[in-house]
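Colleague: Below: one structure in structure tokens.
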Amino acid sequence: MHLKNDDSFDRRSVMLMLGSVVLFAINTLMIRAVALHTPAADGWVAIIFRGGVGLLVVYALFGMGRGLQSKRLFTGRLITLRGIVGALSTIAFYITVIKLGAGRAVIINLTYPIFASVIAAIWLKEKLSRAAMVWMLVGFCGLVIFLSDDGQLLRPAAYDLLALAGAVGSGWVVVIIRRLRHEEHPATIYASQAFYSLVIASPAVMEIPALPVSAWLGLTAGAVIVTLAQLIMTRAYQFMSVSRGSSLQMLLPLATAVGGFAFFGESFHPLEIAGAMLTLLATWRVVASR
């Protein structure tokens, strides 16, 4: 009798991971819409809503003995590390989006699957085939083509190292989530990031009272959606290797682009579409590998 292990192809986990990608894309589009309407609703304010609302959602769904263990946020070494590193990586991403532009920041941040796969291979002893690594690199090259802006991505910038540090942190967080899959509830794992994000971004709380009601509603809705996305992603990693899961997450900018085309009137050149197709092909190859 063949027993399925964590590295086996699991259709349900793939669907969960794809669902998280869609939700992450919706959150990104909502935050963008709010920022366009209310410039004061910057990344720091969005992080406060993400942390505060995220904690409320997690407590509502999993509090009172239904999975969430609040004490672990302070007593669990890896849980605390996941929260702090995750919060700092998210802040680094928001800062570099503002300083470098979305295209360049997203490209650098999306090197995290490579870092995550290497860290997982060393720390968790996950098998990482040469073919999987090659297809991940191919998928990343497709993203470079898709998000490039007439060669602007080739110009070095001062915040590139910060973006790269954020990518390394994101990769590390994914591996920690995978490491904790049999020890902690997904609610506790995400609550750690929500809590420490709220703590680190707390100085920006003074900006919140001046926001219009529409911004409050948009940021709150976005925070609820991204919380659900994080919980679903964490659940998917319980039965999915880091290389396969992070490769699926590389579809996020493509999903976001579809939303940008539908709701913001963004258009794409043939070369950009070719890059998107290359990423889709590479992601399929990694996900379908046994």
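Colleague: What ranking do 22-35, 200-213 get when scored by the average of other Cβ atoms within 10 Å per residue, highest first? The partial results should precede the final answer.
Modeller: On the way: 22-35: 20.8, 200-213: 13.4.
Per-residue mean Cβ counts within 10 Å order the peptides as 22-35, 200-213.
Colleague: Still on this structure: Please give the length that would be gained between residue 277 and residue 125 if that part of the chain were fully extended, namely 0.36 nm times their separation in residues minus their C-alpha to C-alpha distance (nm, one decimal).
Modeller: 51.6 nm
Colleague: If you don't mind, another one. Rounding to the nearest 20 debye, state how big the charge dipole of the stretch 153-214 is about its Cα centre with +1 on each Lys and Arg Cβ and -1 on each Asp and Glu Cβ.
Modeller: Values: 4 positive and 4 negative charges, 43 e Å.
Its charge dipole is roughly 200 debye.
Colleague: About the Cα centre of the chain, what is the dipole size in debye to 20, counting +1 per Lys and Arg Cβ and -1 per Asp and Glu Cβ, all else neutral?
Modeller: Numbers: 23 positive and 13 negative charges, 207 e Å.
For the chain, the charge dipole is close to 1000 debye.
Colleague: Something else about it: Provide the FRET efficiency to the nearest 0.05 for the residue 267-residue 141 pair, computing r from the beta carbons and using R0 = 25 Å.
Modeller: On the way: r = 22 Å, r/R0 = 0.89.
My answer for the efficiency is 0.65.
Colleague: Contour minus end-to-end for residue 204 and residue 134, with contour as 0.36 nm per residue of separation and end-to-end as the Cα-Cα distance?
Modeller: On the way: separation 70, 0.36 × 70 = 25.20 nm, distance 4.19 nm.
That works out to 21.0 nm of additional length.
Colleague: Using a 1.4 Å probe, what is the accessible area per residue for the chain, in Å²?
Modeller: On the way: 14170 Å² over 290 residues.
It amounts to 49 Å² per residue over the chain.
Colleague: Carbon and sulfur: what percent of the stretch 170-290's accessible surface (1.4 Å probe)?
Modeller: Working: 3710 of 5170 Å².
Of all accessible area on the stretch 170-290, carbon and sulfur atoms account for 72 percent.
Colleague: With θ set to phi - 60° and the Karplus curve 6.51 cos²θ - 1.76 cosθ + 1.60, what are the ³J(HN,Hα) couplings of the stretch 10-22 in order, to the nearest whole Hz, using x for Gly and Pro?
Modeller: 10, 4, 5, 5, 4, 5, 4, 5, 5, x, 5, 4, 4
Colleague: Distances longer than 27 Å among the Cα atoms of the chain: what percent of all pairs is that?
Modeller: Details: 16040 of 41905 pairs.
Within the chain, distances greater than 27 Å cover 38 percent of Cα pairs.
Colleague: Please give me the summed charge of the neighbours of residue 122: other residues whose Cβ is under 15 Å from its Cβ, Lys and Arg +1, Asp and Glu -1.
Modeller: Values: positive: 125, 127, 178, 179; negative: 126.
My count for the surroundings of residue 122 gives +3.
Colleague: FRET efficiency for residue 216 and residue 165, Cβ-Cβ distance as r, R0 = 30 Å, nearest 0.05? Walk me through the intermediate numbers first.
Modeller: Values: r = 32 Å, r/R0 = 1.06.
Approximately 0.40, to the nearest 0.05.
The values are calculated or read from the model by the stated rules, or taken from the named source; none is laboratory data. This is a predicted model, so every value here is computed, not measured. Glycine gets a Cβ as well: all are built from the backbone with ideal geometry, and neighbour counts include every protein chain shown. To get the accessible areas, we keep the full protein, side chains included, count just its heavy atoms, and leave off ligands, DNA and RNA. Shrake-Rupley method; radii C 1.70, N 1.55, O 1.52, S 1.80 Å.
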